[in-house]
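Below is one structure, written out as structure tokens, with a few remarks after it.
The values are calculated or read from the model by the stated rules, or taken from the named source; none is laboratory data. None of the values given here were measured: they were computed from a predicted structure. Here the Cβ positions follow ideal geometry from the backbone for every residue, glycine too, while neighbour counts run over all protein chains shown.
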């Protein structure tokens with residue numbers, strides 16, 4: 001079969017979906033990947049896998065209707081020309097435009113992977129608020145109107161989409177355990193000795209909890225000045241971005257060490273004691289938390305959709321209220337006062353990752369739901385029964 005995969009960032013095709021694309025190729029399918037950015041290294045890796053890469057004219061964060069019309073027209077023409085059997089899109093804009101294009105072009109069985117509802121559906125995530133949520137809901141509803149299945153990472157997002165009328169009554173919804181994690185790539189490492197190091201890995205967005213992280217660092221360092229707080233992640237040019245002047249001020253104050261950005265987070269996870277994600281963003285199921293658990297790290301995150309999904313409170317980490325720096329600091333201090341917690345919780349997190357979040361399990365569900373493999377399920381990896389939405393209830 002010919003499969004088109006549409007993404008909003010080229011790097012994600014390898015970093016998040018590489019094992020899925022490789023599995024498709026290994027089964028004899030032809031795979032065409034589309035994303036808006038020019039990324040020679042990613043293109044090289046995709047080419048080595050046997051995946052052809054096509055640049056999609058799309059503004060990742062823009063709202064210009066002329067740009068959006070150009071994106072839709074390009075996708076319609078591309079699908080008519082390539083005539084794929086399957087179209088898979090993930091993240092908001094690719095889902096909206098690939099879903100609409102598939103309907104207009106009359107090409108391909110369409111599948112959507114909702115890896116999180118993002119800014120628009122996060123409280124305080126956009127100054128346009130409710131009007132923008134209504135508009136995006138209408139676009140989602142049209143794009144998903146003929147989707148063969150919608151993959152979600154958590155039940156909260158599914159419920160939100162039902163409440164807003166985004167999902168049709170006959171929609172097939174399949175919950176998967178996030179993007180999955182390659183347990184051979186993310187090996188378990190011993191928790192380092194010495195004063196604790198708390199690591200936040202995230203784009204520099206306000207609603208990822210950077211300000212709460214900095215304030216919690218101040219609180220903890222007032223009592224334990226030896227504790228380190230490290231921040232790893234790329235700048236974000238959007239309206240919710242944390243400017244570099246603020247980052248520089250935190251560094252000058254001595255509360256945060258900014259590590260810049262990287263394409264290989266593994267050494268930073270291995271050097272951390274605990275991984276923190278104080279997000280109030282509408283996450284799907286944060287890959288950062290899965291990578292931390294696979295590495296054998298305890299986590300602290302917020303009791304928010306997506307974030308709460310992979311955590312067993314008190315066993316693999318702690319959940320704290322969103323936008324509450326004092327609660328975040330209190331959770332951190334537990335690890336400072338009881339160093340053995342990081343070791344026991346980290347080991348429990350690794351075990352949970354092995355049992356529930358292996359990438360092979362996720363890919364098995366995706367491939368079977370899309371009718372792309374027919375061989376017997378791998379042991380322990382059988383797909384869940386898809387759920388039909390009826391009468392507004394799931």
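For segment 180-204, which positions are buried (at least 21 other Cβ atoms within 10 Å of the Cβ) and under 23 Å from the mean Cα position of the chain (by Cα)?
The answer is 180, 181, 186, 198, 199, 200, 201, 202, 204.
From the list 329, 347, which residue is modelled with pLDDT of 95 or more, outside the structural domain of residue 171 (by TED's automatic domain parsing) and in contact with a helix residue (DSSP H, G or I) (Cβ under 6 Å, 6 or more places away or on another chain)?
Numbers: 347 fails: in contact with a helix residue (DSSP H, G or I) (Cβ under 6 Å, 6 or more places away or on another chain).
One residue alone meets the criteria, 329.
I'm told residue 177 meets every condition in (1) surrounded by 17 or more Cβ atoms within 10 Å (Cβ to Cβ); (2) in contact with a strand residue (DSSP E or B) (Cβ under 6 Å, 6 or more places away or on another chain) except one. Can you identify the failing condition by its number?
(2)
Within segment 219-237, which residues are touching a residue at least 60 places away in the same chain (Cβ under 8 Å) and in contact with a helix residue (DSSP H, G or I) (Cβ under 8 Å, 6 or more places away or on another chain)?
Of everything in segment 219-237, those that are touching a residue at least 60 places away in the same chain (Cβ under 8 Å) and in contact with a helix residue (DSSP H, G or I) (Cβ under 8 Å, 6 or more places away or on another chain) turn out to be 219, 220, 223, 224, 227.
Could you grab me the full set of residues in segment 34-68 that are within 13 Å of residue 5 (Cβ to Cβ) and part of a strand (DSSP E or B)?
34, 35, 52, 53, 54
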